[in-house]
Amino acid sequence: MASTETPADTPVKNRHDLSGLEAGLDALETVQTSRTPFRQTFVQKILPPLVSIVLVMVIWQALISFKVVTDPSKLPSPGDVWGEVETAWLEGDLLGYIWTSVSRGLLGFLFALAIGTPLGLLVARVKFVRAAIGPLLSGLQSLPSVAWVPPAVIWLGLNDSMMYAVILLGAVPSIANGLVAGVDQVPPLFLRAGRTMGATGLRGTWYVVMPAALPGYLAGLKQGWAFSWRSLMAAEIIAQHPDLGVGLGQLLENGRTNSDMATVFLAILLILIVGIAIDLLIFSPLERRVLRGRGLLVKS
């Protein structure tokens, strides 16, 4: 059967086909910038944690109301803990407890970031350094941070320097190991392409290695912050001095010393709230930005 398509029609058809193909590719690469409706955000992200908090409060109050726990020195009621919150707020101490610990934690984490990042790059890129220091970093990461408090007190005394030393020893290995893991996952093709385009040495590290290793590095940062916060709480619980002020860890220890469970639960809740807030305000947005930049953020 003879074809009815003339040679003159062929270029026109090919142009239409190519135009359709390009339009389809453009549609796939287009980033959706429309704002998510507040109702959808509320239902998917805000409502579930609120429901879980309410459920915990109901169970907590039920244990008191139905006399499952009858000794308030063992488990205070939510009302008793709220009374401690109001008292600390009215006395002007609540924000002081939080700021004392948060300022130490964030500053110590920044120090750990400044040390752990170049250390991680050095371990990842130099074979001799990895062989010499890599196992040590892994061992330090598994060591409980509370173990560093006694020697830090002996070496540096009861001051803020001791607190920062404990934070560094707890956080630096996690940050460095996270970056090492990220660098190990960089495809060799990226490195060869970077060298071909002249990105070698520090330029290659800055423009090729670090961006490609960002997911693993960010995971190390999140873990490093967790270790920083836990290390600080351990240091504040064990090492107490008037010059150090009263942070959340010392507030927790004061409640234990005075057998005041309402204060103990207040300190625990504040420690938990600060940890969640730092993750939601700093690390979750960074993680979403990295995933969105790689086309991995899937909207449900």
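The values are calculated or read from the model by the stated rules, or taken from the named source; none is laboratory data. Since we're looking at a predicted model, the values are computed, not measured. Positions of Cβ are backbone-derived with ideal geometry, glycine not excepted, and every protein chain shown enters the neighbour counts.
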Original post:
Can you tell which of E5, E84 is charged (D, E, K, R), at pLDDT 85 or above and either more than 27 Å from L280 (Cα to Cα) or part of a helix (DSSP H, G or I) (or both)?
Top reply: E84
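Consider segment 145-195. How many of its residues are of a type in the set (V, I, T) and either touching a Cys at 6+ places or on another chain (Cβ under 6 Å) or under 20 Å from L244 (Cβ atoms) (or both)?
6
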Subject >> Residue list for segment 84-127, filter: of a type in the set (S, T, Y) and buried (at least 19 other Cβ atoms within 10 Å of the Cβ) >> reply: Y97, T100, S101, T117
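Can you find, within segment 250-278, the residue that is nearest to E84 (Cα to Cα) among those that are of a type in the set (D, E, K, R) and surrounded by 16 or more Cβ atoms within 10 Å (Cβ to Cβ)? Outline the logic, then answer.
Here is the first cut: in segment 250-278, the residues of a type in the set (D, E, K, R) are 253, 256, 260.
Then drop every residue that is not surrounded by 16 or more Cβ atoms within 10 Å (Cβ to Cβ), which leaves 253, 260.
Details: E253: 15, D260: 10 Å.
Among those that are of a type in the set (D, E, K, R) and surrounded by 16 or more Cβ atoms within 10 Å (Cβ to Cβ), it is D260.
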**OP:** Filter the helices (runs of 4 or more DSSP H) completely within segment 195-300 down to those with at least 1 residues that are more than 26 Å from L140 (Cβ to Cβ).
**Re:** 201-204, 248-257, 261-278, 284-293
**OP:** Check whether at least one residue in segment 211-234 is of a type outside the set (S, T, N, Q), at pLDDT below 80 and more than 30 Å from V102 (Cα to Cα), and report yes or no.
**Re:** no
